[in-house]
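Encoded as structure tokens, the structure appears first; notes follow it.
The values are calculated or read from the model by the stated rules, or taken from the named source; none is laboratory data. Predicted, not measured: the structure shown is a model, and the values here were computed from it. Here the Cβ positions follow ideal geometry from the backbone for every residue, glycine too, while neighbour counts run over all protein chains shown. Each accessible area value is taken on the protein alone, full model and side chains, heavy atoms only, with ligands, DNA and RNA left out. Shrake-Rupley method; radii C 1.70, N 1.55, O 1.52, S 1.80 Å.
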Amino acid sequence: MSVEGASSEVPGVGEIAERIRSFVCGVILGESVAAADPLADNDFDSLALEQLLDYLEESYHVLFTPEDIARPNLASLAIAAEMVHRRVCAVAAGEHSW
């Protein structure tokens, strides 16, 4: 998806989900084999969720609200990737990341 006026392509939801999966499996879980949906299959503590949010904010240059980081928004790869995608599209369109 390309956003008019944006300097680069906005990654698709599938690409974002795959990057989240790779990060969670490789960094947080320390597994070399990617789980189908590590967000749905694991109950992460607050430190792990903070690591994930830091990664997402740094990787996609967005900020999340307290409402964004509620557990239901991180319940699965699909839900989390959609949330990140909405934020990235908003930033690309010139809206604030909040």
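Which number in (1) within 14 Å of Arg87 (Cβ to Cβ); (2) open to solvent by less than 70 Å² (accessible area, probe 1.4 Å) marks the one condition that Cys25 misses?
In the conditions (1) within 14 Å of Arg87 (Cβ to Cβ); (2) open to solvent by less than 70 Å² (accessible area, probe 1.4 Å), Cys25 misses (1) alone.
For Ile28, work out the one condition from (1) hydrophobic (A, V, I, L, M, F, W, C); (2) modelled with pLDDT of 90 or more; (3) more than 15 Å from the chain's Cα centre (by Cα) it doesn't fulfil.
Among (1) hydrophobic (A, V, I, L, M, F, W, C); (2) modelled with pLDDT of 90 or more; (3) more than 15 Å from the chain's Cα centre (by Cα), the lone unmet condition for Ile28 is (3).
Test Ser46 against the criterion of being without any contact (Cβ under 8 Å) to a residue 60 or more places away in the chain, within 24 Å of Glu9 (Cα to Cα) and among the small types (Gly, Ala, Ser), and give yes or no.
no
Which residues, counting only those in the stretch 22-49, are among the charged types (D, E, K, R) and more than 13 Å from Leu74 (Cβ to Cβ)?
Once the filter is applied, which keeps residues that are among the charged types (D, E, K, R) and more than 13 Å from Leu74 (Cβ to Cβ), the stretch 22-49 yields only Glu31.
Inspect the stretch 72-86 for any residue being surrounded by 14 or more Cβ atoms within 10 Å (Cβ to Cβ) and more than 23 Å from Gly26 (Cβ to Cβ) and give the result as yes or no.
Checking the stretch 72-86: not a single residue is surrounded by 14 or more Cβ atoms within 10 Å (Cβ to Cβ) and more than 23 Å from Gly26 (Cβ to Cβ).
For the stretch 32-75, which positions are of a type in the set (A, V, I, L, M) and not in a loop (DSSP other than H, G, I, E, B)?
Listed by number, the residues that qualify are Leu39, Ala40, Leu47, Ala48, Leu49, Leu52, Leu53, Leu56, Leu74.
Any residue in the stretch 58-71 that is among the polar types (S, T, N, Q) and surrounded by 15 or more Cβ atoms within 10 Å (Cβ to Cβ)?
Checked against the condition, which is being among the polar types (S, T, N, Q) and surrounded by 15 or more Cβ atoms within 10 Å (Cβ to Cβ), the stretch 58-71 yields at least one hit.
Of all the residues that make up the stretch 28-53, how many are open to solvent by less than 80 Å² (accessible area, probe 1.4 Å), of a type in the set (A, V, I, L, M) and under 20 Å from Phe64 (Cβ atoms)?
Count: 7.
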